[in-house]
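Written out below as structure tokens is the structure these notes cover.
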Amino acid sequence: MFYASLLICWVGFGGQQCLVAQDTEGPYIKEEQCLNRLKEMEFTIYQKFPFTRVTAKDCIQQKEGKV
């Protein structure tokens with residue numbers, strides 16, 4: 001299973017601020033599905049928060065039996 005997450009940063013009053021956005025629709029069986037979801041998430045973030053930057057993105061594979 002694959003989990004999608006993005007690292008998003010922007011400049012705030014105290015300097016650079018960052019947060020991790022984790023997908024709430026997954027997990028995904030195939031990595032390709034997860035990568036497509038990352039593209040959707042990135043597009044939505046830029047639409048809603050145009051002054052942010054996606055500085056990292058990843059599909060993290062969770063091993064079976066681990067939660």
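Values in this text are rule-based calculations from the coordinates and carry no lab data. Just so you know, these numbers come straight off a predicted model, no measurement behind them. Glycine gets a Cβ as well: all are built from the backbone with ideal geometry, and neighbour counts include every protein chain shown.
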| message | Looking for something out of contact with any helix residue (DSSP H, G or I) (no Cβ under 7 Å at 6 or more places or on another chain) and closer than 26 Å to E64 by Cβ - is there at least one such residue anywhere in region 8-17? | response | no
Counting only residues in region 17-58 that are in contact (Cβ under 8 Å) with a residue 24 or more places away in the chain and touching a Ser or Thr at 6+ places or on another chain (Cβ under 8 Å), the one surrounded by the fewest Cβ atoms within 10 Å (Cβ to Cβ) is identified as C18
